[in-house]
Amino acid sequence: MNAKEKGYFTEENSVEVVTSRNADAKSARLKEVMEVVTRKLHEAVKELEPTQEEWMEAILFLTRTGHMCNEWRQEFILLSDVLGVSMLVDAINNRKPSGASESTVLGPFHVADAPELPMGANICLDEKGEDMVISGRILDTAGRPIENAVIDVWQANDEGFYDVQQKGIQPDFNLRGIFRTGADGHYWFRAVKPKYYPIPDDGPVGLLLGHLGRHPYRPAHLHYIVKADGFETLTTHIFDPDDPYIHSDAVFGVKESLLAKFCLMIDPVRAHELGFRDKFWQVEHDFVLAPNPRL
Ligand code: BEZ
Ligand code: FE
């Protein structure tokens, strides 16, 4: 009997030896996951043939990534983001029917308890930045308005920071709010034009991006979570198509359908009506919710 026949581990039979050891796994799904991961990982190692030093460097990278995970910082999610895995998982779990708005990543800056505000409220609490008015409708796939849709929005300020990144500098809940549609499905609120910003890049993932010759920036965007009874919850953004990073989002979150039109308006009368200083940005974007398939 040779080594293979005896079931000893060899370079050639490595996958079979490891996966057959999992034959009595308590969960069929776990068994399947470990079979695929083992197969792909062994394939990568066989192709790359890392030196012991390279393998230790990979282990230390993952160790540093783990050490950068706590209540406020999740470096493993950032790693998944910059590898495109977050967007892939999002795509697989959010295949939408034709005509429905597309989803994108949630990101780490959502706050669960933002205030519900009257339609038209200004979510900019510190009067910094270029004024902007955002409006649109929440519709079903037949084009009918959805009443009582709850729209949770949040965005970075004109310097590219969320309120939670600048505690004591920005007011709490700056540039966040929750709005509820009436029978016409219409929404509108006032804000400021967001700016591009870097994903947190002071950890191992930022270092990795640097070594790969990649920048850490996300193009300017507004986040939305739109919920309504009888519909799939939509987690998405709208993006400024003129942003310098629109074609190189560090986390691959941009989709063509999520590009909104940011129009610079020079209309003193309308500006005055909106409580703005003078010129302002206007954005109109409708969202179409997919029906909840489980209903
Ligand atoms: C965000 O858009 O807030 C975000 C998404 C992924 C990583 C970091 C930030
Ligand atoms: Fe963001």
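Given the structure, is TRP188 within 17 Å of the chain's Cα centre (by Cα), in a strand (DSSP E or B) and closer than 29 Å to LYS96 by Cα? Spelling it out, it is not the case that TRP188 is within 17 Å of the chain's Cα centre (by Cα), in a strand (DSSP E or B) and closer than 29 Å to LYS96 by Cα.
Inclusion of LYS261 among residues that are within 16 Å of ligand 1 (Cβ to nearest atom), surrounded by fewer than 18 Cβ atoms within 10 Å (Cβ to Cβ), farther than 27 Å from PHE61 by Cα and of a type outside the set (Gly, Ala, Ser) is not warranted.
Against the condition in a helix (DSSP H, G or I) and in contact (Cβ under 8 Å) with a residue 40 or more places away in the chain, how does LEU208 come out, does it pass? Judged against the criteria, LEU208 is a match. All told, VAL153 meets the bar of being touching a Gly at 6+ places or on another chain (Cβ under 8 Å), in a strand (DSSP E or B) and closer than 18 Å to THR104 by Cβ. The residue pairs whose first member lies in region 225-251 and is among the small types (Gly, Ala, Ser), whose second member is in a loop (DSSP other than H, G, I, E, B) and within 12 Å of ligand 2 (Cβ to nearest atom), and whose beta carbons are closer than 6 Å, counting only pairs six or more residues apart or on different chains, are ALA250/ILE199.
Against the list (1) within 16 Å of ligand 1 (Cβ to nearest atom); (2) closer than 30 Å to ARG144 by Cβ; (3) not in a helix (DSSP H, G or I), the condition ASP90 fails is (3).
Of the residues screened, ASP126 is one that is among the charged types (D, E, K, R), assigned by TED's automatic domain parsing to the domain that holds HIS237 and touching a Pro at 6+ places or on another chain (Cβ under 8 Å).
Of all the listed residues (SER20, SER86), the sole one being surrounded by 11 or more Cβ atoms within 10 Å (Cβ to Cβ), at pLDDT 95 or above, farther than 30 Å from LEU212 by Cα and outside the structural domain of PRO204 (by TED's automatic domain parsing) is SER20.
Selection over region 226-251 of residues that are within 17 Å of ALA149 (Cα to Cα), crowded, with 22+ Cβ neighbours inside 10 Å and either within 14 Å of ligand 1 (Cβ to nearest atom) or among the aromatic types (Phe, Trp, Tyr) (or both) gives a count of 2.
The values are calculated or read from the model by the stated rules, or taken from the named source; none is laboratory data. These numbers were taken from a predicted model, which means no experiment stands behind them. Because the Cβ atoms are built from the backbone with ideal geometry, glycine has one as well, and the counts that use them run over all protein chains shown.
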